[in-house]
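Comments concern the structure below.
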Amino acid sequence: MKALYFDGDNGEIVREEEIPAHLLDEAKAKREELIDAASMFSDELTEAILEEKEVTADLIYAALRKGTLRREITPVFMGSAYKNKGVQPMLDGVNYLLPSPSEVENVAIDMDRNEEPVVLSSDPEKPIVALAFKLEDGQYGQLTYIRVYQGTIAKGSTIVNVRTGKKVKVGRVVRMHADQMEDVESLPAGYIGALFGIECSSGDTFTSPEVNLTMLSMFVPKPVISLAIVPKDNKSQVAMAKALNRFAKEDPTFKTYVDNETGDTIIEGMGELHLDIYVERMRREYGADVTTGNPRVAYRETITQRADFNYTHKKQTGGAGQFARVAGYIEPVSDAEFVFENKIFGGAIPTQYIPACEKGFKQSMAKGPKLEFPVTGVKIVLNDGAFHPVDSSDLAFQLAARGAFKEAYLRAKPVIHEPIMKVVVETPSEFQGAVMGLLNQRRGMIIGSQDEDVMCVIEAQVPLAEMFGFSTILRSATQGKAQFTMEFALYRQVPQAIAEKIALEVAKNKKSAA
């Protein structure tokens, strides 16, 4: 064992010395712990320990590598980004311990064979399969970072964007080194590089024209918070539109749309900080002077009991009229957003009109009749109806379905659900009580707490609506020593008092919009 020192302005000179005497005992004890943990993954290492042979660095690395590849051990390297202390041992660790691309099984799905899984090979001679995982707006246009899973992407290659079906000829291929780029002729399987002049979105798969494979898409949670943004002038309006288009391509969790009622541009994301960063990037990178409204939480509506419907849509005008009758029931369902079940027998509603009924019910889910929040967790069973040989049409059954939904929904005891966030706070133990008090004040439910030396980690579930501005309050309560992370956990029914407050707020917003 040696002590490593990092000399030079940027830590580039690695100096090996003997371990200082006052640290030697602790270093030996930690090495014993490391060998003990690594021996679980190597019979050779266990044998060397039992026979009191010399335990070499190669033996330890081989055992640690096995444990790391099985994801049962996590190597931790010490270092500091300031002046690059400890960078070289960490990079050596990446080489020694992490898998090479050929050791990892990657799976794509074959779109021509009913999404059958296909195991990809790291063979550079096979057809290309690559994933665009990051986009960057550079001085030469869009820079698309790409990971090649199979085949070789070379200059002049023709590749196909599986999502859009567009063929693209590869022009410039580069390998990235931080902010420096190096032109290369090709990127074989297992390599990460970047392409210029490729129009795509983050998460798109590119393949050779002869195959139709796509990588499995990552799970993208639905946004839980929204914010209205307004540009100050026309110049900012143009810059804002350009920025929003870019951000939506880069980040699948970032969404944007124009509210039809208010005309405001709304941005949606995964948290307050998420949207703050994008607003700041708009100002800094695109020069868009924008103001933001208050954050809005993505509430949902759902029903709590079964309700029957029997609705007739009838409209008679000069020519052919409209006629449709739908009957059945709606009930809550916990494991899906929307379920439609057709139990029509004997042709009460002709088969060609069933999709129109489903479409009408689905359209009704976009805005709940109670407070106009999206509706979720509803099962609709259609078991009877009637039609007219002349006056019935797709439109008539769509309108009948919407009317039936509205009629039954209000009798099914609708409630409001709010997004609940998993909040993990890391704080010095002396502030544990104060932090728990802050979480309880915000309708938080403490899941557990764990002491880790002088720090305490508290895990809680807290409604997103109560988390606005929490970072400032947490810093004030803990002398700036605590930090927290937050991610979406689930939707849960809001208490009655809060539901009444939300209803008043919605009514007020409607009034001001009118």
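The values are calculated or read from the model by the stated rules, or taken from the named source; none is laboratory data. Only a predicted model underlies this, so the values are computations on that prediction, with no experimental measurement involved. Virtual Cβ from ideal backbone geometry, glycine too; neighbours counted across all protein chains shown.
Pick out, from the stretch 100-164, the strands (runs of 3 or more DSSP E) lying fully within it that include 1 or more residues that are over 30 Å from R246 (Cα atoms) and of a type outside the set (D, E). Break it down into steps so the answer makes sense when it comes.
Details: elements: 107-110, 116-119, 129-138, 141-150, 152-154, 158-161.
Here the list reads 116-119.
Just give me the residues in the stretch 197-238 being of a type in the set (G, A, S), under 24 Å from Y145 (Cα atoms) and more than 26 Å from the chain's Cα centre (by Cα), in sequence order.
The answer is G197, S208.
Among the residues of the stretch 38-64, which ones are part of a loop (DSSP other than H, G, I, E, B) and either touching a Lys or Arg at 6+ places or on another chain (Cβ under 8 Å) or surrounded by 13 or more Cβ atoms within 10 Å (Cβ to Cβ) (or both)?
Filtering the stretch 38-64 down to residues part of a loop (DSSP other than H, G, I, E, B) leaves 42, 51-56.
Across the stretch 38-64, the qualifying residues are S42, V55.
So which of V184, V238, V224, V230 is surrounded by 13 or more Cβ atoms within 10 Å (Cβ to Cβ) and either in contact with a Lys or Arg (Cβ under 6 Å, 6 or more places away or on another chain) or within 24 Å of M111 (Cβ to Cβ) (or both)?
Only one candidate passes the filter, namely V184.
Please go through the stretch 61-105 and give me each residue that is under 30 Å from N212 (Cβ atoms) and either of a type in the set (V, I, T) or in contact (Cβ under 8 Å) with a residue 60 or more places away in the chain (or both), ordered by number. Give the derivation first.
Start the filter on the stretch 61-105 by keeping residues that are under 30 Å from N212 (Cβ atoms), which leaves 99-105.
Across the stretch 61-105, the qualifying residues are S100, P101, S102, V104.
Are any of the residues in the stretch 355-364 in contact with a His (Cβ under 8 Å, 6 or more places away or on another chain), acidic (D, E) and at pLDDT 90 or above?
no
Among the strands (runs of 3 or more DSSP E) contained in the stretch 363-482, which hold 3 or more residues that are surrounded by fewer than 16 Cβ atoms within 10 Å (Cβ to Cβ), outside the structural domain of I344 (by TED's automatic domain parsing) and touching a residue at least 40 places away in the same chain (Cβ under 8 Å)?
Per the criteria, 414-428.
With the requirement that a residue be part of a loop (DSSP other than H, G, I, E, B), farther than 26 Å from R65 by Cα and either at pLDDT 90 or above or touching a Cys at 6+ places or on another chain (Cβ under 8 Å) (or both), what does the stretch 4-37 give you?
Matches in the stretch 4-37: E18, P20.
With in contact with a Leu (Cβ under 8 Å, 6 or more places away or on another chain), at positive phi and crowded, with 19+ Cβ neighbours inside 10 Å as the only criterion, which of G328, G269 stands out?
G328
Given (1) loosely packed, with under 12 Cβ neighbours inside 10 Å; (2) assigned to a loop (DSSP other than H, G, I, E, B); (3) more than 39 Å from the chain's Cα centre (by Cα), identify the lone condition not met by V76.
All conditions pass for V76, except number (3).
Here are some residues: E487, E407, E426. Which one is within 26 Å of A307 (Cβ to Cβ) and either out of contact with any strand residue (DSSP E or B) (no Cβ under 8 Å at 6 or more places or on another chain) or acidic (D, E) (or both)?
None of the others qualify; the one that does is E407.
Just the residues that are out of contact with any Phe, Trp or Tyr (no Cβ under 6 Å at 6 or more places or on another chain) and not hydroxyl-bearing (S, T, Y), please, taken from the stretch 311-325.
Across the stretch 311-325, the qualifying residues are H313, K315, Q316, G318, G319, A320, G321, Q322, F323, R325.
Each row is one residue, and each column tells you yes or no for (1) surrounded by 12 or more Cβ atoms within 10 Å (Cβ to Cβ); (2) within 18 Å of L187 (Cα to Cα); (3) among the aromatic types (F, W, Y).
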residue	(1), (2), (3)
N106	yes, yes, no
M111	yes, no, no
N114	no, no, no
L135	yes, yes, no
Q142	yes, no, no
R147	yes, yes, no
G151	yes, yes, no
A154	yes, yes, no
S157	yes, yes, no
